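What follows is one structure encoded as structure tokens, with my remarks underneath.
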Amino acid sequence: MVIKNVSLDIVCGITSKIPDTGRPEVAFAGKSNVGKSSLINGLMNRKALARTSAQPGKTQTINFYNINEAMYLVDLPGYGYAKVSQSEKQRWAKLMQGYFDAERNVALVIQILDMRHEPTADDFDMINFLIERDLPFLVVCTKSDKLNKTQFNTQNAYFEDLFREHEIPFIPYSSQTGFGLETLKQHIEAAVLGN
């Protein structure tokens, strides 16, 4: 996957009608502060196109990044941030639901988890939602560089075991070293071309 042109084309808030892009879409889902924006920036080989923040809950819109005029990377709002009001959580949930309820050309959903921790209840809800909807998805486990070798091997075995039953592929990833990035690009390319 060679990215020649990239631009933030569409930003949708709660009142926006989510447009049909007419192109394959690769959507990114994950809880707040899991490294979603860093992963998207890594894929696009841009430092700050997707805005990263130390403060969770920064992405409150659905952002569509046009890649080579051929596909879209779609940054969905983060979920599960405790310090957000209940009404705000419901607004985000409605926005996410609206995205998946529309008849979209979703080539792949990339569910992002923090490799250092077990998935939260919200993570499992999202994974079960993707399974129930029969959406094509894989899991990227971010922050793998923050584990030593023993911790990495332990967590790797944990995630392999966790996802074995549903044969869900997962990729350990580091935004610091780029570890896992080429594998992820191959999965995205295969999903988009096979779409």
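Taking the criterion of being charged (D, E, K, R), surrounded by fewer than 18 Cβ atoms within 10 Å (Cβ to Cβ) and modelled with pLDDT of 90 or more, the only residue of the range 24-69 that qualifies is 69. Taking the range 94-113 as the range and being hydroxyl-bearing (Ser, Thr, Tyr) and more than 14 Å from the chain's Cα centre (by Cα) as the test, no residue passes.
The criterion of being touching a Lys or Arg at 6+ places or on another chain (Cβ under 9 Å) and either modelled with pLDDT under 95 or hydrophobic (A, V, I, L, M, F, W, C) (or both) holds for residue 147. Residues in the range 162-185: is at least one open to solvent by 60 Å² or more (accessible area, probe 1.4 Å), touching a Lys or Arg at 6+ places or on another chain (Cβ under 9 Å), farther than 24 Å from residue 19 by Cβ and at pLDDT 95 or above? No, the range 162-185 contains no residue that is open to solvent by 60 Å² or more (accessible area, probe 1.4 Å), touching a Lys or Arg at 6+ places or on another chain (Cβ under 9 Å), farther than 24 Å from residue 19 by Cβ and at pLDDT 95 or above.
Checked against (1) touching a strand residue (DSSP E or B) at 6+ places or on another chain (Cβ under 6 Å); (2) farther than 17 Å from residue 72 by Cα; (3) surrounded by fewer than 18 Cβ atoms within 10 Å (Cβ to Cβ), residue 13 meets all criteria but (1).
Selection within the range 157-170: residues that are in contact with a Phe, Trp or Tyr (Cβ under 9 Å, 6 or more places away or on another chain) and not in a loop (DSSP other than H, G, I, E, B). The member of this set that is farthest from residue 184 (Cα to Cα) is 162.
The values are calculated or read from the model by the stated rules, or taken from the named source; none is laboratory data. Just so it is clear, the structure is predicted and the values come from calculations on it, not from any experiment. As a convention, Cβ positions derive from the backbone with ideal geometry for all residues, glycine included, and neighbour counts pool all protein chains shown. The area values use the complete protein model at the heavy-atom level, side chains included, leaving out ligands, DNA and RNA. Shrake-Rupley method; radii C 1.70, N 1.55, O 1.52, S 1.80 Å.
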